[in-house]
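The values are calculated or read from the model by the stated rules, or taken from the named source; none is laboratory data. Here the structure is a predicted model, which is why all the values come from computation and not from measurement. Don't worry about glycine lacking a Cβ; one is built from the backbone with ideal geometry, like all the others, and counts go over all protein chains shown. These accessible areas exclude ligands, DNA and RNA; they are computed on the full protein's heavy atoms, side chains included. Shrake-Rupley method; radii C 1.70, N 1.55, O 1.52, S 1.80 Å.
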Amino acid sequence: MSEQEGVIKFSLTHQTLDRPVNASVLSELMVWRDLSRRLQWLGQDPQRYGGLGYGNISARESSQQFIISASQTSGVITAEPQHFARVLVSDLEQNHIDSEGMLPPSSESMTHAALYQCSDQVSWILHSHCPEIWQHSEALGLAATAAEVPYGTPEMAEAVQQLYRDQANPSQGIFVMKGHQDGVVSYGSTAKQAISTMLDCYGRALLISA
């Protein structure tokens, strides 16, 4: 694809801190982030996406705020607190985010914000890059955003919210981004739910490929 991975497409006001953000969800975030990296759902590979980092994970703190993996940290083998940022305010209409942390938030922060605004039941989000799920999304019966909608844009945020509203069962908790190569997003009220949903689809996709 001609689209460059990892580019922040929203306007950002970021307060750079001299210490990591302090959040109760950090320990759990680091565990699930590192597990996702072992499964290659996020990471950094010179053979993929021009060698840039891919994938991210987040957890809700309050109605407005959430903690998300920082931009271009997916290549780090073991995550530490400094590899996460706090999104303070998300304005989808203005395509603007206010954040804080030692590093800026993921380029997918606007998509995460859009999902959190859909429902209070969404508390954890994993954006993985899983070619197996992405390639077999139709056979798996997964919802999808349109191929012409690029990641990290107001159009993607709007498409994600419309997708959530249109699903007969939004709690299915997973969809693919047809316009974002290998992009798959799972979500849930807990980390276990978000990860388990992704893992279930991954297993079923591998069976289709076998």
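A few points about this structure:
- Once the 1.4 Å probe is applied to the protein heavy atoms, the stretch 29-132 comes out at 38 Å² accessible per residue.
- Placing a label point 7 Å from the Cα of residue 19 along the Cα-to-Cβ direction, the residues of the stretch 49-85 with a backbone N closer than 18 Å are 80-85.
- Charge tally in the Cβ shell below 14 Å around residue 201, where Lys, Arg are +1 and Asp, Glu are -1, residue 201 excluded: -3
- The stretch 70-138 shape via C-alpha gyration tensor axes, a/c threshold 1.5: oblate
- With every protein chain in place, the chain: carbon and sulfur % of accessible area (1.4 Å): 49 percent
- Whether the stretch 1-101 is rounded, prolate or oblate, judged on the alpha carbon gyration tensor where a/c under 1.5 counts as rounded: oblate
- Rounded Å value of the spacing that divides the Cα centres of the stretch 130-169 and the stretch 74-113: 21 Å
- Rg/Rh for the stretch 111-184 (Cα atoms only, Rh after Kirkwood) is 0.92.
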